[in-house]
Amino acid sequence: MPDFKDGRLTRNILEEEESLSSQSWRSYIIPTAAVIVLIGAGAFIHYNDEKRAIPKGSERSTGIGKADTNKPAIGGPFKLYDTENHLVTESNLRGNWILLYFGYTSSPDIGPAEVDKMAKAIDILEFQHNIKVKPVYITIDPQRDSPDQLQAYLSEFDSRIIGLTGPISSVRQIAHEYRVFFKKVDEEGQDYLVECSHNMYLLDPNMDTVRSFGAEYDASQLADGILYEVKKATR
């Protein structure tokens, strides 16, 4: 980097002008091509990196059974347990539209609001549009969220919500597959909060993620967005 304090900037400019005047255009072909290649490679890496996640409130969607080469690599197989201690895998949910949310029962504010929004949205879809969407809640705090704790918590919102938990390694795996961020904060012994992302994911009957919804959506907007995707897929 040029040094503005000791006058080397001026010296460098004069030397560069002298060098430029003595070189032919041919000498710039290779370095210019190299720069272009580097820029192109950087753009390609950035593009592929962006494809790995669906941003908050993404409009990206795909029809059921249709191949989409631009679809982000999000979601995957999992093995978790429901509130009755039954093993649940992605195969058990296949064949249904799924609204998936990651949270934890000790969340003081955003978590309960999001679960309440989920319950209201599936009510709107079922009673106003005759569309059934299966709500699924996966805890990101399996150390405290036992099956019994999950059942007690979710029953306060809607008995239709399926609560899933499991070993911390399994929870981390599915969180990674869905690009869900979470970490413990403000730890005081066994008391702590969990900082996390709050997206909901809409999965089609093939268990492919077709859209994500951020916390900025209210229940009515969430229902409208799901309705749009379901109708689009069945055209």
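Values quoted throughout were computed directly from the atomic coordinates according to the rules given, and no laboratory measurement underlies them. In this text the structure is predicted, and so the values were computed from the model without any measurement. No Cβ is skipped: glycine too gets one built from the backbone with ideal geometry, and neighbour counts run over all protein chains shown.
I need the peptides 110-117, 161-168 ranked by packing, meaning the mean over residues of other C-beta atoms within 10 angstrom, with the highest value on top. Provide the component values of the computation, followed by the final result.
Details: 110-117: 17.8, 161-168: 20.5.
Packing order, densest peptide first, comes out as 161-168, 110-117.
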Checking rank on 197-203, 103-109, with mean other Cβ inside 10 Å and highest first, the result is 197-203, 103-109
Distance in nm between Glu177 and Asp109 label points, each 7 Å along Cα→Cβ, equals 3.3 nm
With Ile98 itself left out, Lys, Arg at +1 and Asp, Glu at -1 over residues whose Cβ is under 13 Å from its Cβ give +1
Given a Förster distance of 45 Å, the FRET efficiency implied by the Cβ-Cβ spacing of His129 and Leu87, rounded to the nearest 0.05, works out to 0.90
